[in-house]
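Each remark here refers to the structure printed beneath this line.
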Amino acid sequence: MKSYITLDVTMITVQNGNKTRRPWSLANKLLSGLNLLQRKAETNPKITLAVILGLSLILNIYNQAVKPITQDLGETWRWWPDSVSFLQSLTFRSCVPVYFPFCGPANNISASLEPLPVLLFAASAFVSQQSLWFARGVEVVLNITALLGVYLLTSAWANKRAAFLAAFIWATYLPAIKLVTQISGDLLATVFVTFGFYFFIRARSSKRRRDWIAAGITLGLGVLSRSAVLAIVAVLVIGLVIEGWKASRAGQGTIMKLIRPAVLFLLMVSILIAPWFTRNYLVFGKPVLGTTLIGYNLYRQNYMIGENNNYLRFVGPKEAALAINALVARRPDLKGTENEAQMDTVYRAEALKVIAAHPVQYGLLSAYRFLPLWFNWGIEEAYGDQPPLIWYTVMAWQAVLLVTALLGVWVTRWHSWPLPASIIVVSLSYMAIISELRYLVLVMPLVISLSVVGIQKIESSLLLKSSEG
């Protein structure tokens with residue numbers, strides 16, 4: 001596979017008349033030291049990868065040790081009870097009145113969470129006698145598996161040095177490490193997305209049917225772990241069709257033959273997600289695209305548009321509860337027996353009314369949501385907390401990764417289109433509804449994979465400038 005950035009500079013000399021000048025400035029020494037470290041890593045790949053994996057394991061275990069084992073941490077309060085409930089009833093049931101005010105023992109059939117993480121943690125509860133500590137250990141395994149995926153993905157389309165750097169960045173990436181102490185579907189979806197792209201990139205190069213099948217299976221499982229992956233599948237299929245159309249116009253074959261990979265890929269995803277869609281249709285009497293929480297989040301994060309000028313913000317849970325109660329109070333047509341899918345329809349309809357009445361404000365709010373999505377801006381405050389100082393470092397690091405990823409896109413041009421296209425479509429999907437940094441973790445392996453190519457470009461440019469005196 002093509003390596004877009006290569007760098008192998010051991011000593012740079014500059015000719016000046018009859019003399020050879022070696023401008024060993026501090027920056028040049030640092031760059032040369034980094035280059036030497038990269039070359040040693042490349043010559044000892046197994047040891048290097050083992051060291052990075054060990055570092056990741058230490059950081060994950062340390063984070064586990066300093067955080068209490070409680071259902072109140074992060075999203076555990078939602079995912080763990082639903083997983084245990086599935087273990088006991090073998091049915092997807094949930095009742096969270098703050099989301100669905102009419103739920104109860106006779107009205108708790110649910111599609112508010114994606115099924116695969118619930119099944120995984122139900123299985124972990126089964127083998128561990130419902131040990132939350134064991135379930136958090138599963139999250140650690142998922143994060144380390146994602147690291148391996150980052151390494152494989154980056155080595156598949158860039159180069160080995162970039163792959164080691166990407167793996168190191170993921171090993172120390174705090175938003176992902178934070179997720180290992182809570183039970184959720186985020187890291188499981190990240191694993192499937194990362195390996196899905198590894199197989200997708202490999203399939204584009206190998207043209208082998210088995211690689212397209214593997215890509216479809218892994219990303220299909222990703223959809224069942226985070227419904228936002230549907231947007232990734234859609235943009236990849238569209239991109240493959242466009243590639244096939246361009247190739248047919250260039251005389252490389254018929255359009256029907258050239259879009260077979262897109263058809264096979266989409267078919268595998270469809271086979272994987274069909275049972276879940278069928279189940280939802282049967283129990284709710286209507287199709288459910290994504291989860292039944294989409295309508296709730298759409299209304300929660302947009303209801304205040306037009307009420308006052310203070311609408312550029314993330315709506316926290318306390319404010320959201322008041323908004324939902326007010327909505328129910330002014331809807332006398334509600335019978336009090338509505339299930340999740342029916343309330344999802346109500347929420348969507350009310351949200352779309354607000355958006356249609358204030359399209360400009362909605363556009364501005366959606367653009368503003370870029371900040372909480374990429375930098376977690378204002379999220380802690382919305383939940384009644386203050387961000388710890390280290391999270392300002394995370395914000396700065398997010399900015400570095402974003403800028404260098406954009407540089408990586410510029411370096412690789414259209415060769416890397418599946419990665420930036422997927423990052424953009426996921427970002428826009430969340431910005432249209434609700435944004436937090438933890439939602440972006442899903443595609444951060446793609447961002448990091450692009451970012452390290454940008455970093456290599458900067459490194460090679462600095463070495464070249466230093467060599468020129």
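The values are calculated or read from the model by the stated rules, or taken from the named source; none is laboratory data. Given the structure is predicted, the values throughout are model-derived calculations rather than measurements. Using ideal geometry, Cβ is built from the backbone for each residue, glycine included, and neighbour counts are taken over all protein chains shown.
Some notes on this structure:
- Failed item in (1) under 24 Å from the mean Cα position of the chain (by Cα); (2) crowded, with 18+ Cβ neighbours inside 10 Å; (3) not charged (D, E, K, R), with Asn108 passing the rest: (1)
- Contact map, segment 334-356: residues that are touching a residue at least 40 places away in the same chain (Cβ under 8 Å) and under 18 Å from Gly104 (Cα atoms) paired with residues that are of a type in the set (S, T, N, Q) and part of a loop (DSSP other than H, G, I, E, B), Cβ distance under 7 Å, separation 6+ or inter-chain. Pairs shown: Glu340/Ser110; Glu340/Ser112; Glu340/Thr292; Ala341/Thr292; Asp344/Thr292.
- Screening segment 419-428 for residues that are buried (at least 21 other Cβ atoms within 10 Å of the Cβ) and in contact (Cβ under 8 Å) with a residue 60 or more places away in the chain and picking the one that is farthest from Ala189 (Cα to Cα) gives Leu419.
- Residue within segment 204-212 that is at pLDDT 95 or above and crowded, with 24+ Cβ neighbours inside 10 Å present: yes
- Candidates Ala262, Ala274, Ala320, filtered to the one that is crowded, with 17+ Cβ neighbours inside 10 Å, among the aliphatic types (A, V, I, L, M) and farther than 26 Å from Ala351 by Cα: Ala262
Residues checked against (1) surrounded by 11 or more Cβ atoms within 10 Å (Cβ to Cβ); (2) of a type in the set (Lys, Arg):
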{"residue": "Arg279", "(1), (2)": "yes, yes"}
{"residue": "Val283", "(1), (2)": "yes, no"}
{"residue": "Thr292", "(1), (2)": "yes, no"}
{"residue": "Val328", "(1), (2)": "yes, no"}
{"residue": "Asp333", "(1), (2)": "no, no"}
{"residue": "Glu340", "(1), (2)": "yes, no"}
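- Of the residues making up segment 114-124, those that are surrounded by fewer than 24 Cβ atoms within 10 Å (Cβ to Cβ) and among the aliphatic types (A, V, I, L, M) are Leu116, Leu119, Leu120, Ala122, Ala123.
- Qualifying residue in segment 442-454 (condition: buried (at least 19 other Cβ atoms within 10 Å of the Cβ) and more than 18 Å from the chain's Cα centre (by Cα)): yes
- Of everything listed in (1) surrounded by fewer than 19 Cβ atoms within 10 Å (Cβ to Cβ); (2) in contact with a helix residue (DSSP H, G or I) (Cβ under 8 Å, 6 or more places away or on another chain), the single unmet condition for Leu401 is (1).
Here is a yes/no grid of residues against (1) out of contact with any helix residue (DSSP H, G or I) (no Cβ under 6 Å at 6 or more places or on another chain); (2) within 16 Å of Asn310 (Cα to Cα):
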| residue | (1), (2) |
| --- | --- |
| Tyr347 | no, no |
| Leu364 | yes, yes |
| Tyr368 | yes, yes |
| Trp377 | no, yes |
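Each row is one residue, and each column tells you yes or no for (1) part of a helix (DSSP H, G or I); (2) among the charged types (D, E, K, R).
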position	(1), (2)
Leu87	yes, no
Val98	no, no
Ala111	no, no
Arg136	yes, yes
Asn143	yes, no
Val150	yes, no
Phe164	yes, no
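- Just one of (1) farther than 16 Å from Tyr296 by Cα; (2) in a helix (DSSP H, G or I); (3) touching a strand residue (DSSP E or B) at 6+ places or on another chain (Cβ under 8 Å) fails for Ala405. It is (3).
- Screening Pro359 on (1) under 23 Å from Leu289 (Cβ atoms); (2) in contact with a helix residue (DSSP H, G or I) (Cβ under 6 Å, 6 or more places away or on another chain); (3) free of Cβ contacts under 8 Å to residues at least 60 places away in the same chain; (4) of a type outside the set (Asp, Glu) shows it passes everything except condition (2).
- Which listed residue, of Ile177, Ile169, Ile183, is farther than 19 Å from Met268 by Cα, outside any helix (DSSP H, G or I) and at pLDDT 95 or above: Ile183
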